[in-house]
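Q: Quick one: structure below, then a few questions.
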Amino acid sequence: MSTLLKNGRIIDPANRRDEIGDLLLVDGRIADQSAIRNPQSAIDDTIDCTGLVIAPGLIDIHVHFREPGQSAKETIATGSKAAAAGGFTTVVCMPNTSPSVDNPSVVTWIQEKARAEACVNILVTGAITKGIAGEELAPIGSMYKAGIVALTDDGHCVQNHELMRRALEYARMFGLVVMDHCQDYNLVGKGVMHEGYWSTVLGLPGWPALGEEIIVQRNAQLAELTGSPIHCQHLSSGGSVRILREARARGISLTGEICPHHIALTDESIRGFDTNFKMNPPLRTQADIDELIGGIADGTITILASDHAPHCTYEKEVEFDMAPFGILGLETELSLFLDILVHKRKAIDLSRLIELYTSNPAKLLGLESGTLSPGAAADVTIIDPGLEWKVDKEASASRSRNTPFHGWELKGRAVRTIVGGKTAWAV
Amino acid sequence: MSVRSPKSSASTTDPQQNSAWKRKDLCAIQDLSPQEITTILDTAAAFKTVGTREIKKVPALRGKTMVNFFVEPSTRTRTSFELAAHRLSADVVNISATTSSLTKGETLKDTARNLEALHADIIVLRHSSAGAAQFLAERLRASVVNGGDGAHEHPTQALLDTFTVREKKGRVEGLHVAIIGDILFSRVARSNIHALTKLGAKVTLVGPSTLVPREFEKLGVQVTHDIESILPNADVVNLLRIQHERQRKEYFPSLGEYTSFFGLTKQRAAKLKPDCLIMHPGPINRGVEIDSDVADSNASVILDQVTNGLAVRMAVLYLCGGTRLG
């Protein structure tokens, strides 16, 4: 089985490649360039990519697929369809399921379910602590043997610095990265939106930026002390970017990721009390957006992700402070970043955007994907950077509908997602 | 009689002015124009005379059903709305649900649908979540009146406060109003800030720096942590109930320390202008935010507020419930 992707702009940041050309996929692998020139090569299928970008399959290292336990919100099957529809060939699932991924049997259960039902590659993370309770270490080594790609208590944050330190030291033995949802519980309290002008006006409990920044600072110091890498998830505040920049300049292995909603929306969006604008960490100010984008532009931020967090409509359609945190992301994230970062703000170019979604996350987690090197898995995303389209939540492949971007007109999107040489989705 | 205008009152609003009121709901003072606020106050002035009559009833809302839906406990506001509705000849149903029974099962949206199924015309909602009234208003054909939503707004309280100021002082514009106490967690403060600034008053917020953050200055008010500085030049002081429950312990050390810095003691009251009004939304903590004698002094209009609350709530129910459905 072979497919020729013809006459596209091939952007492969891992190999510093950006040129117009053809890419041949043979038996689920990227073929050597020489095979294309060989007239003997049998081509089963040719896809014209004129005017399109051929990129390594995109990787989203931060999604919630809700299985096991919350399949009314999302399943591995529906979540993976949403991933494919957004241009993603690999996703990394967070462990805050029910039960949580804090032991090898849940890891294996998800892997088997994914093998049977998913149309993209599903990678599993394990909890740092048992039950994501922040009190004692989960069986990290056993989960490593079962195949987890990283550790995180996402949705929660280990408050005990001593426990976090030991988790980092222990994880290093297996080469596992610890990914942290940065939130100080005392400072944040019952906060449901950014603490600032709009929380003051609306009378909603504030979630101060300091609640994130102080944990990013802790992580910088713990990463320095232990020599273990820490990845700070979904950074929302400008102050976090400054701390990260300074730590990285000093050679500390601290990385950060940014989600599209944090650069697309401000806390003012909450003035109508619409819970589709409620996520954790919360939307912040225009000044934060500018600093986040600055961090992406200058290389402080190396990874983009969605924090795809589906919730049922009936769960979201409640009083603002009672609604669960989180919004959908997979089907809109590439387009939002393309539209805002590349087209509107011109903060980065397309090649850099692809790097933040491919080789960088692959490098962080030690994955073999994220490249178009010959021999690599034929995971490819074909992107039309100029295609204008309108977000329609009812057309979503997800089980849920909780997006604040319904009706948005965006420029640029994935048009075909190829996983292991086979088209998983096409526009 | 016209449903739009309460009859037989000298200072009644003319129908044209009332027709300026287009809203189905009253969720927040922040949404209102100064003209809309004035319309409510003028209508309330007309209704106030009803309470002094032998027969304290007008038929303005006869045949309408008002539901007093109080998810958070309240006696004063609920009773005031209930009496107001009775005086307008509406039928009244009181529903009090504890927050826990809502979280156990029924969502606010489902509750709303049930109220709709009962053919409620007006729903007065008191709820612990900011935005709850707006949430209901967007989902119901019935009129929704916010009886207090979390720390967001308490529109009728601000309207009755403003009404009282206007009644006693003859105007609101140009007056200096000090709001003293726990501003951060106060829906009364927020609604008062909007009402007073929209009508041209100068507002100063007074209280501990933890409970009166500087962020409030962006609402067009002044912030001070020194009560002495405002005493000689305030035309009105509005004291908010101060609480020292578990969640407030991080904000100030004790009620005693609060009183020593911010309580309206007799000594401080003596520094007020002779004609300064002393207000309080109640229930008052004698000896905490206000000295007992000061609360009972001639400058205190605390009980006038209660009386005026009835007239203001009649006006709000009438404007929201009467015009649209009448």
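The numbers here are math on the coordinates, done by the rules we state, and not lab data. Remember, predicted model here, so these are calculated numbers, not experimental data. Neighbour counts run over all protein chains shown; Cβ positions are idealised from the backbone, glycine included.
Q: Considering Cα pairs under 8 angstrom that are at least six residues apart, work out the relative contact order of region A:146-214 and quote it in whole percent.
A: Answer for region A:146-214 is 29 percent.
Q: Oh, and also: What does the helix-only formula give at 222 nm for the protein assembly as shown: each DSSP H stretch with n ≥ 4 adding -39500 (n - 2.57), the total divided by the residues, and the result rounded to the nearest 500 deg cm²/dmol?
A: -9000 deg cm²/dmol
Q: What is the ratio of the Cα radius of gyration of region B:86-235 to 2.2 N^0.38 Å, where N is its residue count, to two decimals?
A: 1.24
Q: Mind checking the angle between helix B:302-317 and chain B's longest principal axis? C-alpha axes, 0 to 90 degrees, to the nearest 10.
A: 30
Q: Moving on to the next point. Shielding of B:146-158 by partners, i.e. mean partner chain Cβ atoms within 10 Å per residue?
A: Per residue, the number of nearby Cβ atoms from other chains is 2 on average.
Q: On to the next question. Based on the inverse mean of 1/r over its pairs of different Cα atoms, what is the Kirkwood hydrodynamic radius of chain B, in Å?
A: The answer is 20.1 Å.
Q: Considering the convex hull of the alpha carbon atoms of region B:174-326, report its projected area averaged over all viewing directions, in nm², one decimal.
A: Averaged projected hull area, Cα only: 10.1 nm².
Q: Next question, about the same structure. Taking the radius of gyration and the Kirkwood hydrodynamic radius from Cα positions alone, what is the Rg/Rh ratio for region A:146-218, to two decimal places?
A: Taking Rh as the inverse mean 1/r over Cα pairs, Rg/Rh reads 1.11.
Q: Ok, one more. Would you kindly derive the ³J(HN,Hα) couplings of region B:258-269 from the backbone phi angles with the Karplus curve 6.51 cos²θ - 1.76 cosθ + 1.60 (θ = phi - 60°), listing them in order in whole Hz, with x for Gly and Pro?
A: Computed from phi, the couplings for region B:258-269 are 4, 4, 5, 9, 10, x, 8, 7, 4, 4, 5, 4 Hz.
Q: Hey, what angle do you get for helix A:76-85 against the long axis of chain A, alpha-carbon based, 0 to 90 degrees rounded to 10?
A: Helix A:76-85 and the main axis of chain A meet at about 60 degrees.
Q: Could you order peptides A:376-382, A:314-320, A:127-133 by the average number of other Cβ atoms within 10 Å of their residues, highest first?
A: A:376-382, A:127-133, A:314-320
Q: Which one of A:362, A:350, A:387 has its Cα pushed farthest toward the positive end of the charge dipole of region A:349-403, where Lys and Arg give +1 and Asp and Glu give -1 at the Cβ?
A: Ranked along the dipole, the leading option is A:362.
Q: What distance in nm separates the two pseudo spin-label positions at residue A:108 and residue B:138, each 7 Å out from Cα along the beta-carbon direction?
A: According to this spin-label approximation, the distance is 4.7 nm.
Q: Which whole-number percentage describes the relative contact order of region A:275-374, with Cα contacts under 8 Å and a sequence gap of 6 or more?
A: Contact order relative to length: 29 percent.
Q: Oh, and also: If I model chain A as equal point scatterers sitting on the Cα atoms and use the Debye formula, what is log10 I(q)/I(0) at q = 0.08, 0.12, 0.13 Å⁻¹?
A: These q points yield log10 I(q)/I(0) values of -0.40, -0.94, -1.12.
Q: At q = 0.26 Å⁻¹, what is the log10 ratio I(q)/I(0) for region B:197-245, with the Debye formula run over Cα points and no solvent?
A: Per q value, in the given order, log10 I(q)/I(0) is -1.17.
Q: What does the charge add up to near residue A:307, with Lys and Arg as +1, Asp and Glu as -1, over the other residues with Cβ less than 10 Å from its Cβ?
A: Local charge sum for residue A:307: -4.
Q: Also, I was wondering about something else. If you build a Gaussian network model of chain A, linking Cα atoms that sit under 10 Å apart, which residue out of A:237, A:199, A:34 swings the most?
A: Largest GNM mean-square fluctuation: A:34.
Q: Calculate one ³J(HN,Hα) per residue across region A:96-107 by plugging θ = phi - 60° into the Karplus curve 6.51 cos²θ - 1.76 cosθ + 1.60, and present them in order as whole Hz with x for glycine and proline.
A: 7, 8, 9, x, 6, 7, 10, 7, x, 5, 5, 4
Q: Using modelled backbone amide H atoms (1.01 Å from N, in-plane), which distant-in-sequence or interchain residues come within less than 5 Å of residue B:264's amide H?
A: Counting only residues 5 or more places away or on other chains, the set is B:290, B:291.
Q: In region A:198-286, how does Rg compare with the Kirkwood Rh, expressed as the Rg/Rh ratio over alpha carbon atoms?
A: Radius of gyration over Kirkwood radius for region A:198-286 works out to 1.05.
Q: Could you check how many percent of all C-alpha pairs in region A:70-204 are farther apart than 24 Å?
A: Percent of Cα pairs beyond 24 Å in region A:70-204: 39.
Q: Take the Cα atoms of region A:334-427, find their three principal axes, and give me the spread along each one in whole Å, biggest first.
A: Extents along the principal axes: 40, 32, 23 Å.
Q: Could you give me the percent of Cα pairs per 10 Å distance bin for the protein assembly as shown, shortest bin first, beginning at zero and ending with the bin that holds the maximum distance?
A: All Cα pairs considered, the percentages come to 3, 13, 20, 20, 16, 13, 9, 4, 1, 0, 0.
Q: Angle check, please: helix B:76-87 long axis (alpha carbons) against the longest principal axis of chain B (alpha carbons), in degrees 0 to 90, nearest 10.
A: Compared with the principal axis, the helix lies near 40 degrees.
Q: Over region A:1-98, what portion of Cα pair distances is larger than 16 Å, expressed as a whole percent?
A: Counting every Cα pair in region A:1-98, those more than 16 Å apart make up 65 percent.
Q: Also, I was wondering about something else. If you take the C-alpha gyration tensor of region A:312-380, multiply each eigenvalue by 5 and take the square root, what semi-axes do you get, largest first, in whole Å?
A: Working through the eigenvalues yields semi-axes of 32, 18, 10 Å.
Q: Using modelled backbone amide H atoms (1.01 Å from N, in-plane), which distant-in-sequence or interchain residues come within less than 5 Å of residue B:300's amide H?
A: Here B:278 satisfy the definition.
Q: Going by amide H atoms built from the backbone, whose H comes under 5 Å of the H on residue B:222, apart from near neighbours?
A: Result for residue B:222 returns B:203, B:204, B:205.
Q: Region A:125-266: percent of C-alpha pairs farther apart than 19 Å?
A: The proportion of pairs with Cα distances above 19 Å equals 51 percent.
Q: Also, I was wondering about something else. Averaged over A:196-207, how many beta carbons belonging to a partner chain fall within 10 Å of each residue's beta carbon?
A: Across A:196-207, the average partner-chain Cβ count within 10 Å equals 6.
Q: Further question: What translational diffusion coefficient, in µm²/s and rounded to a whole number, does the Stokes-Einstein relation yield for region B:235-306 at 37 °C and a viscosity of 0.692 mPa s, taking the hydrodynamic radius as the Kirkwood radius over Cα pairs?
A: Here the translational diffusion coefficient equals 260 µm²/s.
Q: Are there chymotrypsin sites (Phe, Trp or Tyr not before Pro) in region B:65-155 that DSSP puts in a loop and that have at most 12 other Cβ atoms within 10 Å, and which ones?
A: Listed in order of number, the matching sites amount to none.
Q: Here's another thing I want to ask about it. Give a residue-ordered list of calculated ³J(HN,Hα) values for region B:44-58 (Karplus: 6.51 cos²θ - 1.76 cosθ + 1.60, θ = phi - 60°; whole Hz; x for Gly, Pro).
A: 5, 4, 5, 6, 4, 5, 4, x, 8, 7, 4, 9, 8, 9, 10
Q: Treat region A:243-296 as a sphere of radius equal to its Kirkwood radius over Cα pairs and apply Stokes-Einstein at 37 °C in a medium of 0.692 mPa s; give the translational diffusion coefficient in µm²/s, rounded to a whole number.
A: After rounding, the answer is 264 µm²/s.
Q: A follow-up question, please. I need to check one value: relative contact order of region A:79-213, counting alpha carbon pairs closer than 8 Å and at least 6 residues apart, in percent.
A: Averaging sequence separation for qualifying contacts and normalising by length gives 18 percent for region A:79-213.
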